[in-house]
Structures are given as structure tokens and as C-alpha cells.
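Engineer: Have a look at this one before I ask anything.
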Amino acid sequence: MAHESLTQTQKALLGLRQRILSGAITGGTRLYEVALAEELAISRTPIRAALSRLAEEGLLERGSGGGFIVRSFALADVVDTIDLRGVLEGTAARYAAERGASPENLAKAQTILREIDRVLADQAVDIEAYSSLNTAFHDQLAAMAQSATLQRELARITALPFASPSAFLEDHDRIDALQRTLISAQAQHIAILEAIAGRESGRAEALAREHARAARRNVEFLLSHEGVLREGVASLALLTD
């Protein structure tokens with residue numbers, strides 16, 4: 001029974017999150033348990049759990065008259081969130097350098113970077129493969145900090161669509177510019193790992209913070225152009241002008 005309840009909660013969570021991120025449910029929309037339960041053919045308990053989780057992720061806020069309201073985000077919200085991720089990842093890199101990453105963890109990170117090199121060596125970069133490996137590297141960076149608290153907070157903030165290390169990589173219309181950006185990002189990955197291995201905590205922190213700014217510049221570029229550059233980038237459906 002518990003397993004079935006968990007399955008229904010996951011179904012509700014994934015379905016609602018996808019609708020919000022795609023713009024099918026727009027910012028400002030009020031959501032109610034009863035209506036969603038009927039629409040999704042799921043009982044109210046999993047719906048309630050899914051709405052609470054989405055509120056924790058920052059995609060919803062509780063309405064004063066009941067229910068939840070889908071949030072909209074201004075550019076300042078996006079910039080602040082990405083900057084905060086940079087601060088947290090900088091701290092993770094510093095902790096990893098200060099506390100000493102194990103040979104096993106360093107080897108795992110190096111293996112991920114070698115895989116990224118292989119992806120970037122192809123003439124047509126596999127964005128999905130890069131995104132997966134990029135996320136794995138950032139997860140490994142968080143793990144090397146040896147701080148459950150920091151790892152938990154990083155997971156919380158990167159759950160927001162525009163705060164993920166791989167946010168907006170689905171923008172295929174700028175593939176040449178994007179490939180140059182990915183090559184630059186990979187060079188930063190390598191430098192961060194070298195600083196951690198060399199126990200250079202200050203350098204590791206600074207490099208990780210600078211690395212997060214690349215995502216910020218990408219968002220600012222997308223939002224500074226109307227039309228085709230913004231069209232089809234799902235996460236931008238949450239943003240207000």
C-alpha cells in the first residue's frame with residue numbers, strides 16, 4: 001500500500017512539474033487539490049504531497065485563500081538563484097580542497113571529465129549526453145565536500161529549472177555558440193578538479209563561483225532576445241519580462 005501511494009505521488013509530481021515548466025500551467029494560476037485529483041484521476045493525498053514538494057522546490061507558493069499559486073520569476077530572481085548556486089558550489093569546492101578528496105572520488109570526477117571530452121570531440125555534440133555528464137560532475141563536486149548539509153542545500157536549489165548546472169542547454173538554435181561555451185565550461189571543470197586535488201582551497205572556490213556565472217550569462221543572452229532564441233526553451237515559460 002505504501003509503495004502504491006509513493007508511485008501515485010511520483011506520478012502527480014512529475015506530471016505537475018512538467019506542466020508548469022512547459023508553460024501549460026502559467027504563472028499566477030491557482031491550483032486546488034480537488035480539481036487536480038479529478039483531472040489527473042489520482043486521489044487527493046498524493047496530489048497534496050506533490051503540491052507541497054513543488055512548493056519546497058520554489059515553483060509554487062501557498063495562496064492566502066487556500067490552494068497553491070504557480071510562481072513567476074523575474075530576471076533578478078534567476079540571477080540571484082544562479083549566483084547562490086555559485087556560492088554554494090564554491091563552498092563545496094573549498095571544503096573538498098580543505099578536507100581532502102579521496103583518491104576514489106577524484107578518480108570518479110576524472111572519469112566523468114574524460115567522458116565529457118569524448119562528447120565534445122564529436123562534430124555534432126550530443127547535448128543530452130553532455131547534460132547528463134555535466135550534472136554528474138556537479139553532483140560529484142557536492143559529494144567531495146563531505147558535508148551532508150551543503151549537499152542537501154545544493155540539491156534544493158538546483159531543483160529549480162533555471163538553477164541547474166545544465167539549465168537551458170536545450171537551446172539547439174545556437175549550437176555553434178553553445179559548443180564554444182561547453183568547451184570553455186569543460187576547461188573550468190578541469191581547473192576546479194586540479195585545484196581540489198592540489199588542496200588549493202581559495203582557487204577552487206573562486207573557479208567554481210566563476211563557473212556558475214556562465215549559466216547566468218546564458219540566461220541573460222536568451223532573455224535579451226525576443227522570438228526564436230526564447231521560443232521552445234521550456235524553463236523560460238516561468239519568467240516574466
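The values are calculated or read from the model by the stated rules, or taken from the named source; none is laboratory data. Model, not experiment: these values are computed from the prediction. Glycine also receives a Cβ, built like all others from the backbone with ideal geometry; neighbour counts cover every protein chain displayed. Only protein heavy atoms, including side chains, enter the accessible area calculation; ligands, DNA and RNA are left aside. Shrake-Rupley method; radii C 1.70, N 1.55, O 1.52, S 1.80 Å.
Engineer: Could you list which residues have their amide H under 5 Å from that of residue 31, counting only those 5 or more apart in sequence or on another chain, with H placed in the peptide plane?
Structural biologist: Under 5 Å from the amide H of residue 31: 68, 69, 70.
Engineer: What value, in deg cm²/dmol to 500, does the helix sum -39500 (n - 2.57) over DSSP H runs of n ≥ 4 give at 222 nm once divided by the residues of the chain?
Structural biologist: Dividing the helical sum by the residues of the chain leaves -22500 deg cm²/dmol.
Engineer: Further question: Taking just the alpha-carbon atoms of region 57-179, what radius of gyration and Dmax come out, in angstrom?
Structural biologist: Rg then Dmax for region 57-179, in Å: 17.0, 54.
Engineer: Can you send over the solvent-accessible area of residue 184, 1.4 Å probe, protein chains only, in Å² to the nearest 10?
Structural biologist: It works out to around 70 Å².
Engineer: Does region 173-220 come out rounded, prolate or oblate by the C-alpha gyration tensor, with a ≥ b ≥ c the root eigenvalues, rounded set by a/c under 1.5 and, if not, prolate when a/b is larger than b/c and oblate if not?
Structural biologist: Here region 173-220 falls in the oblate category.
Engineer: Right, next: List every residue whose amide H lies under 5 Å from the amide H of residue 60, counting only residues 5 or more places away in sequence or on a different chain, with H placed 1.01 Å from N in the peptide plane.
Structural biologist: 55, 71
Engineer: Right, something else. Starting from 0.36 nm per residue, how many nanometres of slack lie between residue 199 and residue 48 once their C-alpha separation is accounted for? Display every interim value, and only then the final one.
Structural biologist: Working: separation 151, 0.36 × 151 = 54.36 nm, distance 4.60 nm.
Separation in residues times 0.36 nm, less the Cα-Cα distance, equals 49.8 nm.
Engineer: Nothing charged except the Cβ atoms of Lys and Arg (+1) and of Asp and Glu (-1): what's the magnitude of the dipole of region 1-112 about its Cα centre? Round to the nearest 20 debye. Let's see the in-between values first.
Structural biologist: Details: 13 positive and 13 negative charges, 29 e Å.
Dipole size: approximately 140 debye.
Engineer: Still on this model: Would you mind checking which residues have amide H under 5 Å from residue 239's amide H? H placed 1.01 Å from N; only 5 or more apart, or other chain.
Structural biologist: Here the answer is 73, since their amide H atoms fall under 5 Å of that of residue 239.
Engineer: Shifting gears a bit: What figure, in Å² to the nearest 10, do you get for the accessible area of residue 75 with a 1.4 Å probe and non-protein molecules left out?
Structural biologist: 70
Engineer: Moving on. Pop out the ³J(HN,Hα) list for region 33-39 in order, Karplus 6.51 cos²θ - 1.76 cosθ + 1.60 with θ = phi - 60°, rounded to Hz; leave Gly and Pro as x.
Structural biologist: 4, 4, 5, 5, 4, 5, 5
Engineer: Now for a separate question. Give the dimensionless ratio obtained when the Cα radius of gyration of region 26-73 is divided by 2.2 N^0.38 Å.
Structural biologist: 1.07
Engineer: May I ask you to give the solvent-accessible area per residue for the chain, in square angstrom, as obtained with a 1.4 angstrom probe? Could you put the intermediate results ahead of the total?
Structural biologist: Numbers: 12070 Å² over 241 residues.
I get 50 Å² per residue for this part.
Engineer: Specify the angular offset, from 0 to 90 degrees and rounded to the nearest 10, of the alpha carbon long axis of helix 148-158 from the longest principal axis of the alpha carbons in the chain.
Structural biologist: Value to nearest ten degrees: 60.
Engineer: Per the Cauchy relation, a quarter of the hull surface: what is the mean projected area of the convex hull of the alpha carbons in the chain, in nm²?
Structural biologist: In nm², the orientation-averaged hull projection of the chain is 14.5.
Engineer: Right, next: For region 50-66, take each phi angle, set θ = phi - 60°, evaluate the Karplus expression 6.51 cos²θ - 1.76 cosθ + 1.60, and give the result in whole Hz per residue in order, putting x for glycine and proline.
Structural biologist: Coupling constants for region 50-66: 5, 5, 5, 5, 5, 5, 5, 6, x, 7, 10, 9, 6, x, 5, x, x Hz.
Engineer: Assigning unit charges at the beta carbon (Lys, Arg +1; Asp, Glu -1) and nothing else, what dipole magnitude in debye, to the nearest 20, does the chain show about its Cα centre?
Structural biologist: Rounded to the nearest 20 debye, it is 560 debye.
Engineer: Kindly write out, for region 97-112 in residue order, the coupling ³J(HN,Hα) from the Karplus curve 6.51 cos²θ - 1.76 cosθ + 1.60 (θ = phi - 60°), rounded to whole Hz, with x marking Gly and Pro.
Structural biologist: In residue order, the calculated couplings are 6, 5, 8, x, 6, 5, x, 5, 5, 5, 5, 4, 5, 5, 4, 4 Hz.
Engineer: Of the chain, which part is the longest with no GluC sites (Glu not before Pro) in a loop (DSSP not H, G, I, E, B) and with at most 11 other C-beta atoms within 10 angstrom?
Structural biologist: It runs 1-225.
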